[in-house]
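Worksheet for the structure shown next.
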Amino acid sequence: QLEESGGGLVQAGGSLRLSCAASGRTDRRHVMAWFRQAPGKEREFVAATRWNTGLEYYVDDVKGRFTFSRHNASNTVHLQMNHLKPEDTAVYYCAVGLQWGRLAAGEYSAWGQGTQVTVSA
């Protein structure tokens, strides 16, 4: 089970930190990813990290602005989002998958309920 938090309303150039807390059966080999879905658009991959290796991957659009951090004791992954832009506005979803390098939503088996991020111009 995944639970996101940390969304909100922020002005362009501002920052937010999203959190994804995993409960139940967790596996350090899992890949934890963030997707986002803007109104009228498909859900798109944003970034992923692997618990046991620390591998991280970010799409070009967020590279240098978004950063992962982890709190192992609470099985929580954070996504620090800086220099936010209006085009970052979307519902952000945390997801868990088994295979590294997967960008399609269908490759992820568990999802959180989503958290709204709104960036005003």
Being touching a strand residue (DSSP E or B) at 6+ places or on another chain (Cβ under 7 Å), open to solvent by 40 Å² or more (accessible area, probe 1.4 Å), closer than 18 Å to Gly8 by Cα and not basic (Lys, Arg) is the filter here; which residues of the range 58-112 pass it? Thr67, Gln80, Pro86
Among all residue pairs at least 6 apart or on different chains, which show Cβ distances below 7 Å where the first residue, located in the range 100-121, is at pLDDT 95 or above and the second is open to solvent by less than 30 Å² (accessible area, probe 1.4 Å) and among the hydroxyl-bearing types (Ser, Thr, Tyr)? Gly114/Tyr92; Thr115/Tyr92; Val117/Tyr92
Where the second residue is open to solvent by 60 Å² or more (accessible area, probe 1.4 Å) and charged (D, E, K, R) and the first is on the phi < 0 side of the Ramachandran plot and lies in the range 14-28, which pairs have Cβ atoms under 7 Å and are six or more apart or on separate chains? Ala21/Glu3
Residue hits (the range 21-48; modelled with pLDDT of 95 or more and either among the hydroxyl-bearing types (Ser, Thr, Tyr) or open to solvent by less than 30 Å² (accessible area, probe 1.4 Å) (or both)) are Ala33, Trp34, Phe35, Arg36, Ala38, Phe45, Val46, Ala47, Ala48
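The values are calculated or read from the model by the stated rules, or taken from the named source; none is laboratory data. Here the structure is a predicted model, which means the values were calculated and not measured. Because the Cβ atoms are built from the backbone with ideal geometry, glycine has one as well, and the counts that use them run over all protein chains shown. The protein model used for the area step is the full one, side chains on, heavy atoms only, and it has no ligands, DNA or RNA in it. Shrake-Rupley method; radii C 1.70, N 1.55, O 1.52, S 1.80 Å.
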